[in-house]
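K.L.:
Take this structure, written in structure tokens, and hold onto it; I'll ask about it next.
The values are calculated or read from the model by the stated rules, or taken from the named source; none is laboratory data. Bear in mind the structure is a predicted one, so any value in this text is a computation, not a measurement. Glycine also receives a Cβ, built like all others from the backbone with ideal geometry; neighbour counts cover every protein chain displayed.
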Amino acid sequence: MNSSKTKSIYSVLVAYAVALFGLAGCVKPMSEQTLQPNAGLNGSFEATNNQMPVNWLLYTPKTTPNAHFTMQIDTNNPKDGKQSLQFRVQDCRNTGGWLSPGFAQELPVKPRETYKITFWIKNHQSQFQIKISSTNGNKAHVGRLSRSNEEYTHWKEFTYEYTIPEGMDKLRLEANILKPGITSFDAISVEKVR
């Protein structure tokens with residue numbers, strides 16, 4: 001191979017490498033998370049780092065495309081402990097998942113175990129979604145998906161039971177805001193019932 005062809009191929013490879021690394025730098029993460037193992041589930045959002053709850057995958061203003069909102073720790077009238085997690089949403093997609101404001105967590109489980117999952121929620125002019133599912137990394141199974149746009153000026157309890165299907169090893173909890181308004185979450189619990 002002659003020298004000019006080698007230089008040409010080398011130039012193309014360098015250009016591809018620069019483009020690839022440039023694109024990688026432009027890709028936004030889908031969520032933010034700070035881990036603190038001794039905080040457990042942290043379902044009452046008492047353990048925080050930089051005013052964000054630890055141990056949750058958080059779909060924040062930094063990671064959620066085409067959304068304008070604040071996510072904050074709220075100490076005004078929590079259901080449990082000293083604080084709750086509040087979303088004040090001005091604009092968002094109604095897609096759910098990392099495309100909408102919210103949070104998620106995955107917990108290790110075994111097939112055929114049944115869990116009781118509880119969320120306490122307040123809602124003002126918004127629509128929210130709760131999704132209970134399981135995964136094994138390759139595939140997922142949606143167990144419960146519920147949406148509400150009802151007004152809850154006082155804390156309302158939402159309780160679900162879910163049995164882990166064969167082949168699944170993680171229980172996934174996810175909450176999303178699908179419409180502008182104010183939604184607060186607190187006292188989320190997961191209890192193995194059988």
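K.L.:
Kindly establish whether Leu173 is in the same structural domain as Asp74 (by TED's automatic domain parsing), over 17 Å from Gln105 (Cα atoms) and in a strand (DSSP E or B).
P.N.:
It is false that Leu173 is in the same structural domain as Asp74 (by TED's automatic domain parsing), over 17 Å from Gln105 (Cα atoms) and in a strand (DSSP E or B).
K.L.:
I've got another one for you. Please specify each residue of the stretch 66-88 satisfying the condition of being assigned to a strand (DSSP E or B), in contact (Cβ under 8 Å) with a residue 40 or more places away in the chain and not acidic (Asp, Glu).
P.N.:
Within the stretch 66-88, Phe69, Ser84, Leu85, Gln86, Phe87, Arg88 meet the criteria.
K.L.:
In contact with a strand residue (DSSP E or B) (Cβ under 8 Å, 6 or more places away or on another chain), over 20 Å from Lys179 (Cα atoms) and in a strand (DSSP E or B): does that describe His141?
P.N.:
Yes, satisfied.
K.L.:
In the stretch 108-130, what residues are more than 13 Å from the chain's Cα centre (by Cα), in a strand (DSSP E or B) and not aromatic (Phe, Trp, Tyr)?
P.N.:
If the condition is that a residue be more than 13 Å from the chain's Cα centre (by Cα), in a strand (DSSP E or B) and not aromatic (Phe, Trp, Tyr), then Pro108, Thr114, Lys116, Ile117, Thr118, Ile121, Lys122, Asn123, His124, Gln127 are the ones that fit.
K.L.:
Considering each of Lys179, Lys156 in turn, give the residue that is surrounded by fewer than 17 Cβ atoms within 10 Å (Cβ to Cβ) and modelled with pLDDT of 95 or more.
P.N.:
Exactly one of Lys179, Lys156 is surrounded by fewer than 17 Cβ atoms within 10 Å (Cβ to Cβ) and modelled with pLDDT of 95 or more, namely Lys156.
K.L.:
Within the stretch 84-98, which residues are surrounded by fewer than 19 Cβ atoms within 10 Å (Cβ to Cβ) and either in contact with a strand residue (DSSP E or B) (Cβ under 7 Å, 6 or more places away or on another chain) or closer than 13 Å to Met30 by Cα (or both)?
P.N.:
Scanning the stretch 84-98 gives Gln90, Asp91, Asn94, Gly97.
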